[in-house]
Amino acid sequence: MLYSDKVMDHFTNPRNVGEIPDANGVGMVGNAKCGDIMQMFLKIENDVIVDVKFKTFGCGAAIATSSMATELIKGVTVEEALKLTNAAVMEALDGLPPVKVHCSVLAEQAIRAALSDYYRRQGIDPVPIVGEIKEEEEHEMEE
Ligand code: FES
């Protein structure tokens with residue numbers, strides 16, 4: 001079996017799909033390898049992620065990793081969410097085939113882009129906190 005049961009579960013029944021109309025952190029990133037796109041919506045109150053949703057044009061592995069990643073950051077502080085790595089998401093899913101590892105990066109990058117947006121909206125420079133998000137990976141939001 002190429003994919004673990006957890007990957008199949010999150011792919012066939014993804015959690016937290018959709019948009020949050022009053023999100024206060026929105027990020028969109030593209031995958032340089034395949035051209036797929038991921039959008040992440042965060043609702044943050046008192047530095048806690050109270051709600052999170054995602055939309056993607058990505059493949060099954062991207063859907064599964066985003067679903068798992070949103071589950072892992074829901075209810076945690078912004079600081080904890082920043083520590084989430086794609087390695088941790090893959091571990092939570094019992095692994096991914098090596099050719100699909102780049103897909104899991106999409107979720108991590110989209111979360112970081114959404115957190116950058118959250119800081120920017122407060123007039124805070126996100127780069128020292130979130131780090132650089134590579135130019136070619138960050139897409140302008142169309143309002
Ligand atoms: Fe594009 Fe997986 S192939 S995200």
Report summary line: Computed over the chain: longest principal axis from alpha-carbon atoms vs helix 101-121 long axis, angle to nearest 10 degrees, is 10
Query raised in the report: Which whole-Hz couplings ³J(HN,Hα) result when phi for each residue of the stretch 3-13 is put into the Karplus expression 6.51 cos²θ - 1.76 cosθ + 1.60, θ = phi - 60°, listed in order with x for Gly and Pro?
Result: 10, 5, 4, 5, 4, 4, 4, 6, 6, 7, 9
Query raised in the report: Can you list the trypsin sites (Lys or Arg not before Pro) in the stretch 38-139 that are in a DSSP coil and have 13 or fewer other beta carbons within 10 angstrom?
Result: 83, 134
Report task. Whole Å is fine, so just give me how far the alpha carbon centre of the stretch 28-87 lies from that of the stretch 97-119. Result -> 6
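Taking every DSSP beta bridge that has both residues in the chain, what percent is antiparallel when rounded to the nearest 5? Don't skip to the end; give the middle numbers.
On the way: 16 of 17 bridges.
DSSP beta bridges in the chain are roughly 95 percent antiparallel.
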Query raised in the report: Averaged per residue, what accessible area in Å² does the stretch 1-122 show with a 1.4 Å probe, protein chains only?
Result: 46
Query - Per-residue ³J(HN,Hα) for the stretch 17-29, Karplus 6.51 cos²θ - 1.76 cosθ + 1.60, θ = phi - 60°, Hz, x for Gly and Pro - result: 8, x, 10, 10, x, 9, 4, 10, x, 10, x, 9, 9
Query - the stretch 61-113: proportion of alpha-carbon pairs further apart than 13 angstrom, % - result: 50
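Under the 0.36 nm per residue contour assumption, what length would be gained going from the current alpha-carbon distance of residue 47 and residue 129 to full extension? It would help to have the intermediate numbers written out before the result.
Working: separation 82, 0.36 × 82 = 29.52 nm, distance 1.35 nm.
Working it through step by step, the gained length comes to 28.2 nm.
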Query raised in the report: Which of the GluC sites (Glu not before Pro) found in the stretch 1-72 are in a DSSP loop and have at most 16 neighbouring Cβ atoms, other than their own, within 10 Å?
Result: 19
Query raised in the report: Mind listing the Cα extents of the chain along all three principal axes, in Å, largest one first?
Result: 48, 30, 26
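The values are calculated or read from the model by the stated rules, or taken from the named source; none is laboratory data. Small disclaimer: the values here were computed from a predicted structure and weren't measured. Neighbour counts are summed over all protein chains in view; Cβ atoms, including those assigned to glycine, are modelled from backbone coordinates with ideal geometry. Accessible surface is based on the protein model in full, side chains and every heavy atom, while ligands, DNA and RNA are left aside. Shrake-Rupley method; radii C 1.70, N 1.55, O 1.52, S 1.80 Å.
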